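Step one of this worksheet: look at the structure below.
The values are calculated or read from the model by the stated rules, or taken from the named source; none is laboratory data. Model, not experiment: these values are computed from the prediction. Glycine gets a Cβ as well: all are built from the backbone with ideal geometry, and neighbour counts include every protein chain shown.
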2 protein chains.
Amino acid sequence: VTRFRATLVYDGTRFHGFQWQANASPTVQEVVEAALKDVCGRDLRVLTAGRTDTGVHASGQVIAFDLDWQHPAEDLRNALNASLPDDVAVRAVDVAPDEFHPRHDARSRTYQYTVYVGAVRDPLRRFTAWHLIAPLDAKAIQQAAAALVGIQDFATFGTPTVGDITVRNVTEARWEASSDGSEHCFTITANAFLFRMVRSIVGTLVMVGQGRMTVDGFRAILATRDRQQSGPVAPPQGLTLIAVNYDD
Amino acid sequence: VTRFRATLVYDGTRFHGFQWQANASPTVQEVVEAALKDVCGRDLRVLTAGRTDTGVHASGQVIAFDLDWQHPAEDLRNALNASLPDDVAVRAVDVAPDEFHPRHDARSRTYQYTVYVGAVRDPLRRFTAWHLIAPLDAKAIQQAAAALVGIQDFATFGTPTVGDITVRNVTEARWEASSDGSEHCFTITANAFLFRMVRSIVGTLVMVGQGRMTVDGFRAILATRDRQQSGPVAPPQGLTLIAVNYDD
């Protein structure tokens, strides 16, 4: 038996998030485990780097599983892709150390959030971006976002999924806009994230970009560690887990 | 009664093309005319700049219609967008000259076709790009594409929808690739296009990019004016009508 690591890409639109749930189906985990069963003929459980919420996408989710597989890893990748539905694919499969755990061993995760600004909604981006009508001041947003970097208590922007520690280490928080201001992309990397943290941050940064909160105001609510001070949670379709980073 | 011109954006995935058909529903025209009926209370027919096929998208389709509307054109745009389904939107509405016809008055049309190259299909682009596994030689493709520019007989690459003239004036044919070769975008502008012309050209250019046809071979089959010489028709989801161009 070998431990494999696989990188997943998925369109989260029709899924109730990544993880198995008692009362909601389908989840990404369900269809991935069904594909593994197709390929190897028995029930397998996968380990994952982290949950993603309903409607959230991934281009770099990481899972692990144990399998007795005598062929090249590339053949396993192709067999899984042949069995998976169109909205999920395995980008890569490789052999991992026996003790590899995609969540425990992850050094950090990187998410991207996409916003587009225009008078009219865009049918071609309705599943992959948040549409806003009013222009955004990208410079003010970037000033506010810079305050996120560092080891800090992020209780304002989310709740822990395990335990009660709300301190996280954000190593990158970058808001970029196209020259005409119609496309905005927020990239954030942290050792780990609280529940709804990225979308709460984006919803609050957008308030800054719309002049409904000052940069100092943003810094102040971060310092309160009070979940009630956060802006609204941005909608899921703009969010993509683009990478889980490991020390190898 | 005023003649209005409207620019449409749509995700063609679930539509049987733009135009009303006896045996296939829904079409984009159907839902646009239904929205007009919602807004003005009666049946209207729209004129269009051109058909798009099943699964083909548009970010700049143009239609026209006559309406007795006393409010600003922007209010009409917003009313239509409120009534249209999520996969169709009106980007702009303005008042046109009484005799404006979106097809007859069009100077040219511009289409874009998107290809991505990678070992694995990409769930996030399955409705908007053609996935190919083998690398493409973008330079060879661009050399072949350059032969398309000019007033020529394009019978190799399509059939006329009206009459039997297959001469068209291609004013732009540009194949661009990302530096890593994973993304390719083909932009083509002509006074008008034959049925399946862009997709036949793309299917044939890809043969050049894969080394299955030489640049000279491409020029030679263009010169034959023989529809049987074309490569395969590229799939619809990579194609988007991005603009219809007028002299104003």
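Listed residues A:Arg91, A:Arg125; which is buried (at least 18 other Cβ atoms within 10 Å of the Cβ), modelled with pLDDT of 95 or more, of a type in the set (D, E, K, R) and touching a Ser or Thr at 6+ places or on another chain (Cβ under 7 Å)?
A:Arg91
Can you tell me which residue within segment B:128-155, out of those that are within 19 Å of the chain's Cα centre (by Cα) and surrounded by 18 or more Cβ atoms within 10 Å (Cβ to Cβ), is nearest to the other protein chains (Cβ to nearest Cβ)?
Looking at the filtered set, the residue picked out is B:Thr128.
Residue by residue, here is whether (1) touching a helix residue (DSSP H, G or I) at 6+ places or on another chain (Cβ under 9 Å); (2) not in a strand (DSSP E or B) holds:
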position	(1), (2)
A:Arg3	no, no
A:Ser25	no, yes
A:Ala35	yes, yes
A:Val39	yes, yes
A:Arg45	yes, yes
A:Thr54	yes, yes
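Within segment B:41-95, track down each residue that is more than 11 Å from chain A (Cβ to nearest Cβ), without any contact (Cβ under 8 Å) to a residue 24 or more places away in the chain and polar (S, T, N, Q).
Hit for segment B:41-95 is B:Gln70, nothing else.
Could you check, for segment A:67-81, whether at least one of its residues is in a loop (DSSP other than H, G, I, E, B), at pLDDT 95 or above and buried (at least 17 other Cβ atoms within 10 Å of the Cβ)?
Checked segment A:67-81: no residue is in a loop (DSSP other than H, G, I, E, B), at pLDDT 95 or above and buried (at least 17 other Cβ atoms within 10 Å of the Cβ).
Those residues that are buried (at least 19 other Cβ atoms within 10 Å of the Cβ) and at pLDDT below 95, I need them from segment A:19-38; list them, please.
none
Just one of A:Ile221, A:Ile201 is over 27 Å from A:Val120 (Cα atoms) and of a type outside the set (Lys, Arg); which is it?
Working: A:Ile201 fails: over 27 Å from A:Val120 (Cα atoms).
Among A:Ile221, A:Ile201, only A:Ile221 is over 27 Å from A:Val120 (Cα atoms) and of a type outside the set (Lys, Arg).
So B:Pro102 ticks every box in (1) part of a strand (DSSP E or B); (2) crowded, with 17+ Cβ neighbours inside 10 Å but one. Which box is left unticked?
(1)
State which residue is farthest from the chain's Cα centre (by Cα) when the search covers only segment B:48-85 and only residues that are among the acidic types (Asp, Glu) and farther than 24 Å from B:Asn245 by Cα.
B:Asp68
Would you mind listing the strands (runs of 3 or more DSSP E) fully within segment B:136-248 where at least 2 residues are within 28 Å of B:Tyr10 (Cβ to Cβ)?
Numbers: elements: B:150-153, B:167-177, B:183-190, B:239-245.
Where strands (runs of 3 or more DSSP E) fall fully within segment B:136-248 and carry at least 2 residues being within 28 Å of B:Tyr10 (Cβ to Cβ), they are B:167-177, B:183-190, B:239-245.
Just name the residue that is surrounded by the fewest Cβ atoms within 10 Å (Cβ to Cβ) out of those in segment A:109-122 that are of a type in the set (A, V, I, L, M, F, W, C) and in a loop (DSSP other than H, G, I, E, B).
Out of the qualifying residues, it is A:Ala119.
Can you pull out every residue in segment B:157-182 that is closer than 22 Å to B:Lys139 by Cβ, among the small types (Gly, Ala, Ser) and touching a helix residue (DSSP H, G or I) at 6+ places or on another chain (Cβ under 8 Å)?
B:Ala173, B:Ala177, B:Gly181 - these are the residues of segment B:157-182 that are closer than 22 Å to B:Lys139 by Cβ, among the small types (Gly, Ala, Ser) and touching a helix residue (DSSP H, G or I) at 6+ places or on another chain (Cβ under 8 Å).
List every residue pair whose Cβ atoms sit under 7 Å apart, with the two residues 6 or more apart in sequence or on different chains, where the first one lies in segment A:229-248 and is closer than 20 Å to A:Leu47 by Cβ and the second, anywhere, is among the aliphatic types (A, V, I, L, M) and in a strand (DSSP E or B).
Within 7 Å, the pairs are A:Leu241/A:Ala58; A:Val244/A:Val62.
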